[in-house]
Amino acid sequence: MLLSAGFLGVNALLPSHGGKTRASPLETTQRGVPLSPSDVAEQRTAERSAAAVQPLATEFVTDLASRRHLDRAFALLAPKLREHYSQADWASGRDLPLTGVGATSAGATSAFAGRTTAGFVSSLQPNVLFAVRFDKLPALGWRVAYVHEGHGSSYVSETNYSPAGFAPGSQPNTLGTWLILLGGLVALVAVVVLADRRLSR
């Protein structure tokens, strides 16, 4: 009982990672429920965004996987993301967000799309999932604003892979998140130890 209460308390303190996973205007159609004119317009905008960005996403992932045209891939990075990579190391293949793959080409499955954002997930051998989000930036157009490499499992594939910070409204894991988890764990252990001492008396 105490363990359950402690777990719920820690969970309540953690920052939200975005409600429904992979929510998107592309998913707004419901069986038998007609869409409103504004929903129809939003869905068409999302479909146009996904169609416009998908070739860029496929090209970007293929360039990284094959270690070719890395200068072209680097040129697609948004300014904030470029701060995390050295252009020289990137060009030499030493500092890339996609590593250890056996594929030289890759497709990109649409995860979500909107007026100014579009996310894609690629599945590459051997069991690598790679998430890429493009944001539409003023004067620059579509640029890669997020990348994350992970692994598939019997429960996770390119259709539901959604690492922290990828989907709209989700938040990346931060130092604050880990401190909350650590503090919650320490508090939970302390409560269990105190309860055990009282019960043993």
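Name the residues in segment 140-157 that are loosely packed, with under 14 Cβ neighbours inside 10 Å and in contact (Cβ under 8 Å) with a residue 60 or more places away in the chain, would you?
Leu140
Tally the residues that are in contact (Cβ under 8 Å) with a residue 60 or more places away in the chain, surrounded by fewer than 17 Cβ atoms within 10 Å (Cβ to Cβ) and more than 27 Å from Leu96 (Cβ to Cβ), restricting the search to segment 39-60.
Matching residues across segment 39-60 total 2.
Return the pair list, or none, for Cβ contacts closer than 8 Å from residues in segment 125-139 that are farther than 15 Å from Ala108 by Cα to residues that are of a type in the set (Lys, Arg) and part of a loop (DSSP other than H, G, I, E, B), at least 6 apart or on different chains.
Lys136/Arg115
Mind listing whichever residues of segment 33-57 are at pLDDT below 85, of a type outside the set (Val, Ile, Thr) and either closer than 20 Å to Pro168 by Cα or outside any loop (DSSP other than H, G, I, E, B) (or both)?
Pro37, Ser38, Asp39, Ala41, Glu42
Given (1) closer than 21 Å to Glu59 by Cα; (2) more than 8 Å from the chain's Cα centre (by Cα), identify the lone condition not met by Arg133.
Evaluating Arg133 over (1) closer than 21 Å to Glu59 by Cα; (2) more than 8 Å from the chain's Cα centre (by Cα) leaves (2) as the failure.
A quick yes/no check of all residues on (1) at pLDDT 95 or above; (2) among the polar types (S, T, N, Q); (3) surrounded by 13 or more Cβ atoms within 10 Å (Cβ to Cβ):
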site	(1), (2), (3)
Ser24	no, yes, yes
Arg31	no, no, no
Leu76	yes, no, yes
Gln87	no, yes, yes
Ser92	no, yes, no
Leu96	no, no, yes
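Please enumerate the residues belonging to segment 94-131 that are in a strand (DSSP E or B), closer than 11 Å to Leu64 by Cβ and polar (S, T, N, Q).
Ser122
Do you know which residues across segment 98-113 are more than 15 Å from the chain's Cα centre (by Cα) and crowded, with 19+ Cβ neighbours inside 10 Å?
Listed by number, the residues that qualify are Val101, Ala106.
Taking segment 85-115 as the search range and keeping residues that are touching a residue at least 60 places away in the same chain (Cβ under 8 Å) and either among the polar types (S, T, N, Q) or touching a helix residue (DSSP H, G or I) at 6+ places or on another chain (Cβ under 6 Å) (or both), which one is nearest to Glu158 (Cα to Cα)?
Of everything passing the filter in segment 85-115, Ser110 is nearest to Glu158 (Cα to Cα).
Phe60: over 17 Å from His148 (Cβ atoms), in contact with a Phe, Trp or Tyr (Cβ under 9 Å, 6 or more places away or on another chain) and part of a helix (DSSP H, G or I), yes or no? Before you say what the answer is, go through the steps one by one.
Details: over 17 Å from His148 (Cβ atoms): no; in contact with a Phe, Trp or Tyr (Cβ under 9 Å, 6 or more places away or on another chain): yes; part of a helix (DSSP H, G or I): yes.
Considered against the rule, which asks whether it is over 17 Å from His148 (Cβ atoms), in contact with a Phe, Trp or Tyr (Cβ under 9 Å, 6 or more places away or on another chain) and part of a helix (DSSP H, G or I), Phe60 comes out as no.
The values are calculated or read from the model by the stated rules, or taken from the named source; none is laboratory data. Model, not experiment: these values are computed from the prediction. All Cβ positions, glycine included, derive from the backbone under ideal geometry; neighbour counts span all protein chains shown.
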